[in-house]
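No value in this document is a laboratory result; all are computed from the given coordinates. Here the structure is a predicted model, which means the values were calculated and not measured. For neighbour counting, all protein chains shown are included, and Cβ atoms are generated from backbone atoms with ideal geometry for every residue, glycine included.
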Amino acid sequence: MHRLLLPFLAICLSLSPFLGCESDEARLASHLERGDAYAEEEAYEEAVIEFRNALQLAPNDGEIHFKLSQSFLKLGAVKEGFWELRETVRLDPSNHEAMIQFASLSILAGELEEALQRADEVIAQDDTNMQAYVVKAQAHEGLEDLDAARAAFARASEIDPENVEPLLIFADFVQRQGDREAAELLFRRATEIEENFPSLASLATFLLVDDANRDEARELLIRASQVAGPNEVVRAYSMLANLHYQDEAYDLSFAVLEEGIERAENPLDLIYLLSRVHRVQGNDEAADELIERATVARPDDVGPFLVLSALRGERGDYEGALVAADRATEIDPENTTARMRRAEALLEIAVRGDQPERMDEAREIVEATVAAEPSNAEAHFVHGKIRMQDGDTEAAAQSLRAAIDTRPDWPEAHYLLGSVLMMSGERTAARTEFARTLELDANRLEARAALARVHATLGEHEYAVEEGRRYLASRPDGVETRIVVAQSLLSMNQTQAALEIISNVAEEDRDGRVHFALGRIKLGQGDRESARSHLEAAAETLPHQPDILVALLELDGAEDRLGDSIERIGSAVAAKPDDAKLQMVSGLMAVMTGKLAEAEAAYKQAIEVDDRTSEAYTRLADLYARTGRTGETIETYEASLSVNPAQPRLHHTLGLLYERTGELARAVKHYEEAIRHQEDHAEAKNNLAYLYAESGKNLDRALDLAQDAKQLMPDDPNAADTLGWVLYRRGVPSAAIAFLREAEAGLLVRVNQGGVGDQANLGLIRHHLAVAYEASGDAESARDVLASAFESHGAWVDHERSQGRTVADEAPWYGEARALEGKF
């Protein structure tokens, strides 16, 4: 050791108990001071470094963990911020702000019990903490303890009666529970307390569900725009302009947006919206001029260039979009939005120009951003687009949902998610996303066209026509949407209206799709000759289109010309043997010609080509069912559900099959799944209610299900029978009798109209009615109805045997009926 160092070290060591050369306390204070300064300057990455250094010296200091958590959250590093908050509340349970933040993030992470515990701990220390009650309510709601959630939301709104925020949160909850009357009172009370943007806009949004309230909602939004604060101006004027646009008051929509641009501190979103409205109205020059003016006026601001890039991208000018995005990244190389615009433009150029190197560049930009900023909505959005191009719809949906979690009011993300869900066959979920897109942006015409298509595929033809007509009002040259509207009108038996819609397509624009639509219309009018002419013209230009081939197959079958279809379909399959839909057409043709083994082979080939095609599984299962192969039917349906579980029709069918084979627990499971995937599935609700009633279990739920089924199928005798039987099982036979008599009367009408097969059900319903009469003390009516029950079943047995079918003499309910008969 150097001799001169020894005296210095000796001095340091002698003073260290008092001062230290640089004591841990001094270093800690220095790190904290620098960290606080960086956080104040919003230099959060540097703040993270300092707070982490501080924790090396004081690892159990809850306040430092909290400061580090806040810097992480400001950077969008939610996972790291969540972890530091967990440490904070462990070390310092008195930090109520940290406890509430941690509980809120716990809810997002699905840790509902943890969130509830933390909220209760805060409330135990401070019964007036409004945020703690809100978090408590949200946790209870997630745990489906709705009464407790309502009580907590109500308490939050009572703590500070002059604060509208908790009242609006409470109103939203009440609205979600379907209590619109109570929700309206709460929304109106909020406006009475304070007429600010949140209260006025919330009430307006609530009222707009019913068109009868449109005038009042418009006035509320006008007032909301007048009182909006600096951070609310863009949202306020966007909502008002959107409503004017929906009402086709286009001049007012333009005026509102222009006024908003003048008022907003950062009007870029409004400029973008105004330019899009100009474009929708066909004013492309005005749209371009608006954005170009902004880039000239603010050449060193990334904002106008980002808007210009987005607008050019919407027009399909992706090279121009890339130039604008490059300019934005030159101005601010660290701007994430600019990088994502660039990645999007590269992606679109790659897809359209077969330039894989551009795709690789886009992927590299996006994946690096997702890794560095896991809560970046734009990065997840573009990642979703890349995964969509990769054909991985599940991963694409995951990325897009991550984007929406961070930016729930992003119409483009909802639209793209809807498109991905349509690709994966989740049509009901796609409908929800397209509808949400239009709630957020009524000018997004591609979403309206998509919503019309999904309504049509779901059989909701009235809605398909409504949305399609609204689209065509702005885009009369939209041939594809004209076809959708025409086909829906045809499904509604409005043949002439369908013809008028499709006839507006100019002769030179009539491609195979238009001829196909016209062929269907002519078939609906009974004009087979014209129908064949149009369908054959469609097949010439689209020889491998499955729907056209099926339409011609059905026409050939009706005119005894199946040979033509055999040749036509055979050529199509030979040309495209790996097309699953064509294999299914081949299977259908084989069924029509009685070649069931060939049909089975074709359906199996379709599944081998694309095992995600649920329709192929369904057709194969139907074929097995027709030939009495129940076990293979069930196995095939189960295989289809393993590929795509969100198929309520298949769940319902499996419920029926399992019920028929006596596997009631599995039947219950599939009926429940059918209802989960389709809330208004009346038959599944009816059948499940009946099974619960038969078992004597879950009778409260059985009553709810039976009432829902009766409301959805008010004229169906089976729904009336189920509701009556559930009421009997719950011990109220007097209430059951009215519904069982209604069921008997309804089924008698069917029997009298020739429905001899309904005699079996009539016997069962009469048995139910006899049991209810006996339980209510009316033995005479019970005896008479029971005799009729035996008579109805006997008539059915005679009918079945006359058709050569083997049936048992007695139905399963005969044992109970004989016991009842013995009482008389």
Q. Can you list the aspartates and glutamates whose alpha carbon is less than 13 Å from that of LYS581, not counting same-chain residues fewer than 8 positions off?
A. ASP547, GLU608, ASP610, ASP611, GLU615
Q | Measure of compaction for region 353-511 (Cα Rg per 2.2 N^0.38 Å) | A | 1.20
Q: Note the angle between two axes, namely the Cα long axis of helix 5-15 and the longest principal axis of the Cα atoms of the chain, as a number of degrees from 0 to 90, rounded to the nearest 10.
A: 70 degrees
Q) Between GLN56 and ARG469, what is the label-to-label distance in nm when each label sits 7 Å out along the Cα-to-Cβ direction? A) 7.2 nm
Q) Which aspartates and glutamates have a Cα less than 17 Å from the Cα of LYS685, not counting those fewer than 8 places away in the same chain? A) GLU659, GLU672, GLU673, GLU694, ASP700, ASP704, ASP708, ASP715, ASP716, ASP721
Q. Given the alpha-carbon gyration tensor of region 732-824, what are the semi-axes of its equivalent ellipsoid in whole angstrom, ordered largest first, with each equal to the square root of 5 times an eigenvalue?
A. 24, 16, 9
(Q) I'd like to compare 164-175, 358-369: which one has the highest average count of other Cβ atoms within 10 Å, and what's the full order after that? (A) 164-175, 358-369
Q | Histogram of C-alpha separations across region 491-646, 5 Å bin width, % | A | 2, 10, 16, 17, 16, 14, 13, 8, 3, 1, 0
(Q) Rounding to the nearest 10 and keeping the result within 0 to 90°, find how far the Cα-based axis of helix 614-626 lies from the longest principal axis of the chain. (A) 20 degrees
Q | Tilt relative to the chain, helix 302-315 - C-alpha long axis, 0 to 90 degrees, to 10 | A | 20 degrees
**Q.** Normalised alpha carbon radius of gyration of region 120-163 [divisor 2.2 N^0.38 Å]
**A.** 1.07
**Q.** Selection of trypsin sites (Lys or Arg not before Pro), region 146-194, meeting DSSP coil and at most 11 other Cβ within 10 Å
**A.** none
Q: Take the Cα radius of gyration of region 85-236 and divide it by 2.2 N^0.38 Å, with N its residue count; two decimals is plenty.
A: 1.14
Q) If the cut-off is 23 Å between C-alpha atoms, which lysines fall inside it for LYS576, apart from same-chain ones fewer than 8 positions away? A) LYS595, LYS604
Q | Rough spin-label spacing in nm, given labels placed 7 Å along Cα→Cβ, for ASN163 and GLN803 | A | 6.9 nm
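At 0.36 nm per residue, and after removing the present C-alpha to C-alpha distance, how many nm does the segment from GLU816 to ARG649 gain when stretched out fully?
56.8 nm
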Q | ASN231-ARG528 pseudo-label distance in nm [points 7 Å out on the Cα-to-Cβ vector] | A | 7.1 nm
Q) Arranged from highest to lowest average of other beta-carbon atoms within 10 Å per residue, in what order do the peptides 58-69, 741-752, 714-725 appear? A) 714-725, 58-69, 741-752
Q | Size of charge dipole - the chain - debye, nearest 20, with Cβ of Lys, Arg +1 and Asp, Glu -1, no other charges | A | 2080 debye
Q: Starting from the Cα gyration tensor of the chain, multiply each eigenvalue by 5, take the square root, and state the resulting semi-axes largest first in whole Å.
A: 57, 40, 29
Q) Hey, any idea what the orientation-averaged projected area of the convex hull of region 293-372's Cα atoms comes to, in nm²? A) 4.9 nm²
